[in-house]
Amino acid sequence: MSLAHLLLRHAQLTPDRAAIFSGTELYATYGHWAARSAALAQRLQTAGLVPGDRVVLFMRNHPRYLEILWAAWWAGLVVVPVNAKLHVREVEWIIDNAQARWAFVTQDVAPGPLAGLEHQIDVETSVADSLLAPSVSANAGIAAMAPVLRQADDLAWLFYTSGTTGRPKGVMLTQRNLMTMGLTYFVDVDTVWPTDAIVYGAPMSHGAGIYAIPHLMAGARHVVPASGGVDPAELFALGRALGPLSTFAAPTIVKRLVDHAEATGLHPEDAAQSFKTIVYGGAPMYGADIARALRVMGPRFVQIYGQGETPMVGTALSRAQLSDTGHPRYRERSASVGVAQTPVHLRVADTNGVDLPVGDIGEVLIKGDSVMAGYWRNPDATAAAIRDGWLFTGDVGCLDADGFLTLKDRSKDLIISGGSNIYPREVEEVLLTASGVIEVAVVGAPDPEWGEVVVAFVVAQADSNVNAESLDQHCLEHIARFKRPKHYVLVDSLPKNNYGKVLKTELRNRLAENQNASTA
Ligand code: AMP
């Protein structure tokens, strides 16, 4: 079966079942969804697009996102969902690199024409309405065109990496990669019933949207918030209206949900009415934060670790493991990213790819059917990332005797000061336990004497008197002296990308600019 057939199957079995919601309103049944996707697929084909051609989605979260993804797959095309926060120039670079022919956009994200396209369709216009309109009736619309057959190794999704260093790379995800990811959800993340619903708060161009696949496999409902983004009050209300929701969120978004629950005096039982499961990943979740999340919202969390190159499939830390507070190694386990997901082999190796003993820190290597086919038109980057079939993730961590992986940092975030390795995350974990501290990001700054020194960017509560001295004192009580930040920078907020990840490169650039200014 291919991705398009997943939709056809449910449209044939249960055409009248609710499939897509816009806010609390029913937007499409499974029958409507398939009819509209098939209609658009046919028009794309008539317009001359052939299997393998690329179609860009540059949109805020919108119910049509799902219809367009599946229309493209129905026609055998490759989707290129693009981060809605990218600059026009960056999107145009991706359009050119992917040699995309069509793009579907929302006006707020793409107010003007993008260069390099044959067609740019604003999904909220009558042009889009007519492209998606089934020709006769819903059923006739499906019959109008059967999904184009695709092979397991055919491309389905070009996922552009965030490109914090250099140009983004197009990760080539195949039908097999995405089908594997979808099926793995049921084994390693959660069961899904047709009565369940997933809500898309985080951007659909990334992990949140990829999770549409398992939820379509299960014939569940898909809810796109009216705001098209993350508004905690709206998400809690949607859950109360439509039944407990599942969602994928980066740790910073989880934090906002927990803040909301706490501020409005919700109990875990209230949270249970709104959320069935919250899957988090994509960036480090600090021990103090997950402990608070579990306390405030109850046992509804699952962690996953993956990357665009093996989407959503690396390790998982299950709801049961996160709830097993009596386990003798609970503290270590809850700070880990869990164990390898079912379809992959995972190991920790040295730079030559040789396995390291349990407990030793090295690079995380992953092999399996979720791992990308390579980088689009970039054989050098592909050869560097995949060696002997193993994906070199660039993440650094260690395994324990039971197979739990603890991530340290990305290798590029590691700080080497006076010849010692310092893992920013360890310092961040400690600073987060200091009273009055809300958020922290630790980076290395070049230093003539030490090579690098540790610098902490700290967001503190407005009424607190957090300062460099109090933070240094706190570090002295909790970590080795050489790991202590040499400098503290108090800031109002940390720079984050659209997916909620802290942009450490931007923080390092800020430090470099300051240094240049002071030496100029
Ligand atoms: P992306 O390809 O944009 O999804 O980013 C993937 C990167 O995010 C990984 O290589 C990790 O560095 C980081 N990441 C993903 N999941 C986790 C997690 N659960 N904990 C810590 N970092 C994570």
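The values are calculated or read from the model by the stated rules, or taken from the named source; none is laboratory data. Every value quoted in this text rests on a predicted model; they were computed, and no experiment measured them. When we count neighbours, we look across all protein chains shown, and the Cβ atoms used for this are built from the backbone with ideal geometry, even at glycine. The protein model used for the area step is the full one, side chains on, heavy atoms only, and it has no ligands, DNA or RNA in it. Shrake-Rupley method; radii C 1.70, N 1.55, O 1.52, S 1.80 Å.
To keep it simple, each residue is scored yes or no on (1) touching a helix residue (DSSP H, G or I) at 6+ places or on another chain (Cβ under 9 Å); (2) without any contact (Cβ under 8 Å) to a residue 40 or more places away in the chain; (3) crowded, with 22+ Cβ neighbours inside 10 Å.
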{"site": "Glu67", "(1), (2), (3)": "yes, no, yes"}
{"site": "Gln99", "(1), (2), (3)": "no, no, no"}
{"site": "Phe104", "(1), (2), (3)": "yes, no, yes"}
{"site": "Gln107", "(1), (2), (3)": "no, yes, no"}
{"site": "Pro113", "(1), (2), (3)": "no, yes, no"}
{"site": "Ile121", "(1), (2), (3)": "yes, yes, no"}
{"site": "Ala128", "(1), (2), (3)": "yes, no, no"}
Original post:
Looking only at residues in the range 362-380 that are crowded, with 17+ Cβ neighbours inside 10 Å and without any contact (Cβ under 8 Å) to a residue 60 or more places away in the chain, which one is farthest from Gly182 (Cα to Cα)?
Top reply: Gly362
Subject >> Check on Gly170, modelled with pLDDT of 95 or more and not assigned by TED's automatic domain parsing to the domain that holds Lys85 >> reply: no
**OP:** Within the range 7-24, track down each residue that is surrounded by fewer than 22 Cβ atoms within 10 Å (Cβ to Cβ) and not in a loop (DSSP other than H, G, I, E, B).
**Re:** Leu8, Arg9, Gln12, Leu13, Ala18, Ser22
**OP:** For the range 273-290, enumerate the residues that are within 23 Å of the chain's Cα centre (by Cα), free of Cβ contacts under 8 Å to residues at least 60 places away in the same chain and away from the ligand (no atom under 16 Å from the Cβ).
**Re:** Ser274, Phe275
Original post:
Of the residues Gln461, Gln515, which is out of contact with any helix residue (DSSP H, G or I) (no Cβ under 8 Å at 6 or more places or on another chain), more than 16 Å from the ligand (Cβ to nearest atom), under 30 Å from Ser334 (Cα atoms) and not hydrophobic (A, V, I, L, M, F, W, C)?
Top reply: Gln461
**OP:** Inspect all residues belonging to the range 317-326 and state whether any of them is assigned to a loop (DSSP other than H, G, I, E, B) and hydroxyl-bearing (Ser, Thr, Tyr).
**Re:** yes
Original post:
What pairs can you find where one residue is in the range 486-502 and at negative phi and without any contact (Cβ under 8 Å) to a residue 60 or more places away in the chain, the other is among the polar types (S, T, N, Q) and away from the ligand (no atom under 16 Å from the Cβ), and their Cβ atoms are less than 8 Å apart, with a gap of 6+ or different chains?
Top reply: Tyr488/Asn467; Leu490/Asn467
**OP:** Pick out, from the range 327-420, the strands (runs of 3 or more DSSP E) lying fully within it that include 3 or more residues that are more than 21 Å from the chain's Cα centre (by Cα).
**Re:** 344-349, 390-399, 415-417
Subject >> Any chance Ala468 is more than 24 Å from Lys412 (Cα to Cα), more than 25 Å from the chain's Cα centre (by Cα), in the same structural domain as Gly436 (by TED's automatic domain parsing) and surrounded by 13 or more Cβ atoms within 10 Å (Cβ to Cβ) >> reply: yes
**OP:** Taking the options Glu449, Glu429, name whichever one is more than 30 Å from Met204 (Cβ to Cβ) and within 16 Å of the ligand (Cβ to nearest atom).
**Re:** Glu429
Original post:
Of everything in the range 37-49 that's in a loop (DSSP other than H, G, I, E, B) and farther than 18 Å from Asn97 by Cα, which residue is most open to solvent (accessible area, probe 1.4 Å)?
Top reply: Ala47
Subject >> When residues of the range 390-420 are limited to those that are open to solvent by 50 Å² or more (accessible area, probe 1.4 Å) and free of Cβ contacts under 8 Å to residues at least 60 places away in the same chain, the one nearest to Gln341 (Cα to Cα) >> reply: Ala401
**OP:** Say whether the condition of being hydroxyl-bearing (Ser, Thr, Tyr) and either touching a Lys or Arg at 6+ places or on another chain (Cβ under 7 Å) or open to solvent by 80 Å² or more (accessible area, probe 1.4 Å) (or both) is met by at least one residue in the range 482-494.
**Re:** no
**OP:** Please work out which one of (1) more than 16 Å from the ligand (Cβ to nearest atom); (2) open to solvent by 20 Å² or more (accessible area, probe 1.4 Å); (3) assigned to a helix (DSSP H, G or I); (4) of a type outside the set (Ser, Thr, Tyr) is the condition Ala146 fails and give its number.
**Re:** (3)
**OP:** Could you tell me whether any residue of the range 368-381 is under 24 Å from Lys496 (Cβ atoms) and within 13 Å of the ligand (Cβ to nearest atom)?
**Re:** no
